[in-house]
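The block underneath contains the structure these notes are about, expressed in structure tokens.
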Amino acid sequence: MSRTKPTITPDQLILLDRYRIDEYTHFEPEEGAVFFHITADDRIYRGVSSTDETEITTQECASLLLRIHDRFVYPPVHKQTKLTLLPVQDKHDRFSDSTSFYIKRPRYMAYDERRTTVHPNFLTRSMLQEICALERISQNPHPFIAKYHGCRVRRGRITGIVLDRAEITLEDAVDDPRFEDLHANRFFEGVTSAVMYLHCLGLAHNDLNPSNIMISKDGGPVLIDFDSCLPFGHPLDKFGVAGWTDMDPEDYKTPNTSERRHDMYAMGKLIRWLLKRFPGDN
């Protein structure tokens, strides 16, 4: 990691709860605080401190930040790969409008130097998988799948995926009074339509759960998070969320593959979850 230090303010720090670190890295949590900072030109910094996250100061964080090299987080742009590229135009970049667009970055919180020594392309491969799935879906867009615009490019690498911004995740909508009249069966039909569309393309989502389904402004579902969306039979790097998958998220050694049955298992859980929390159809 580079030792150049950025200038930061408290609101520019992303603090990772140490109890969630193993969720991202599959390694034992480091003691103290782990934190990140992303600059305006998409350079990612990471820091680790022995100080508890509730006590660490911004000054200490800034002194400990080290830049993660682009090659570990951002996939390179290859001329032979046909992707929708959106080189960043700093002065006239309409995709910087955060009210209309969402820029999804690689899962940089999963970065760990211990992992990169074994799997240096883990994060870049995961991001490319999602882009390939979205490129294929976007050839014939589905109304209940996040609208994909293309990939932001800086320094010859893909630094973000540009999507339409949706209203709120289904998981968060449970506690939002605006959605208390959401009709579970109608909403589920929309999700089912999106999942069946993926299956018709020979793809499985493999990570269906309420945090990966959003609600649009008109109240319909928006399926998101395609970094595990792969053709049937392809090996998976991720194992889904505990309670929402027929795979074992704690078993990192047993190989798993992309399968239709992973989605069908999650769909069975989802309709029960919806009917319990949004009983508008009952």
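The values are calculated or read from the model by the stated rules, or taken from the named source; none is laboratory data. What you are looking at is a predicted structure, and each value in this text was computed from that prediction instead of being measured. No Cβ is skipped: glycine too gets one built from the backbone with ideal geometry, and neighbour counts run over all protein chains shown.
Looking only at the stretch 233-242, decide whether some residue is charged (D, E, K, R) and touching a residue at least 40 places away in the same chain (Cβ under 8 Å). Break it down stepwise before answering.
Of the residues in the stretch 233-242, the ones charged (D, E, K, R) are 237-238.
Retained after the next criterion (residues that are touching a residue at least 40 places away in the same chain (Cβ under 8 Å)): 237-238.
Yes, the conditions are met somewhere in the stretch 233-242.
Of the conditions (1) closer than 25 Å to Ile103 by Cβ; (2) modelled with pLDDT of 95 or more, Ala204 clears all except one; give me its number.
That leaves (1) as the condition not met.
Mind listing whichever residues of the stretch 99-155 are modelled with pLDDT of 90 or more, charged (D, E, K, R) and either more than 23 Å from Phe187 (Cα to Cα) or in contact with a Cys (Cβ under 7 Å, 6 or more places away or on another chain) (or both)?
Those that are modelled with pLDDT of 90 or more, charged (D, E, K, R) and either more than 23 Å from Phe187 (Cα to Cα) or in contact with a Cys (Cβ under 7 Å, 6 or more places away or on another chain) (or both): Lys104, Arg105, Arg125, Glu130, Glu135, Arg136, Arg152, Arg154, Arg155.
On the given criteria, is Ala166 surrounded by 17 or more Cβ atoms within 10 Å (Cβ to Cβ), small (Gly, Ala, Ser) and touching a Ser or Thr at 6+ places or on another chain (Cβ under 7 Å)?
yes
Filter the stretch 226-250 down to the residues that are under 22 Å from Tyr148 (Cα atoms) and in contact with a His (Cβ under 8 Å, 6 or more places away or on another chain), then identify the one that is modelled with the lowest pLDDT.
Ser228
Do we find that Leu223 is at pLDDT 95 or above and aliphatic (A, V, I, L, M) in this structure?
For Leu223, the condition - at pLDDT 95 or above and aliphatic (A, V, I, L, M) - is met.
Test of understanding: among Thr81, Thr39, Thr58, which residue is more than 30 Å from Leu128 (Cα to Cα) and polar (S, T, N, Q)?
On the way: Thr81 fails: more than 30 Å from Leu128 (Cα to Cα); Thr39 fails: more than 30 Å from Leu128 (Cα to Cα).
Step by step, each of Thr81, Thr39, Thr58 is checked, and only Thr58 is more than 30 Å from Leu128 (Cα to Cα) and polar (S, T, N, Q).
Does Arg178 meet the test of being surrounded by fewer than 16 Cβ atoms within 10 Å (Cβ to Cβ), modelled with pLDDT of 95 or more, assigned to a helix (DSSP H, G or I) and not assigned by TED's automatic domain parsing to the domain that holds Arg125?
No, not satisfied.
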